[in-house]
Amino acid sequence: MGRKDRVKETAVLYKVKKPSKKFSVVIEKDTSGYFAFCPELQGCYTQGETYEEAMSNIKDAIELHIEDRLKNNEEILLTKEISLTTVEI
């Protein structure tokens, strides 16, 4: 199975499972609003004046990020495990 076949297979699986796929999203409040990013998709980030706007924008950013990768025949790695914890210093 070549790279293009894997990308096409990934695209088909993504389209079939799209409604049920969940992504981790981190939203941080800063001085000018909210910053949001998706750790599973490197380079997928956005911002918003409100939490709700940042959440809406990151959903759009994730969809556009995936569409762009599929269009460019790039693989989409969806199996990254995310862990959030704290450390005491």
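Nothing in this text is a laboratory measurement; each read-out follows from the coordinates by a stated rule. This structure is a prediction, so every number in the text was calculated from the model and none was measured. Note that each Cβ is placed from the backbone with ideal geometry, even for glycine, and that neighbours are counted across all protein chains shown.
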* Asked: What distance in nm separates the simple spin-label points at Thr86 and Lys22, each placed 7 Å from Cα in the Cβ direction?
  -> 2.2 nm
* Structure fact -> For 23-32, 37-46, 66-75, 51-60, ranked highest to lowest by mean beta-carbon neighbours within 10 Å, the order is 37-46, 51-60, 66-75, 23-32
* **Straight-distance crosslink candidates among aspartates and glutamates, where the alpha carbon sits under 17 Å from Lys71 and sequence neighbours closer than 8 are dropped** => Asp5, Glu9, Asp60, Glu63
* In sequence order, what are the phi-derived ³J(HN,Hα) couplings for the range 58-64 according to the Karplus relation 6.51 cos²θ - 1.76 cosθ + 1.60 with θ = phi - 60°, rounded to whole Hz, with x for glycine and proline? -> 6, 4, 4, 4, 5, 4, 5
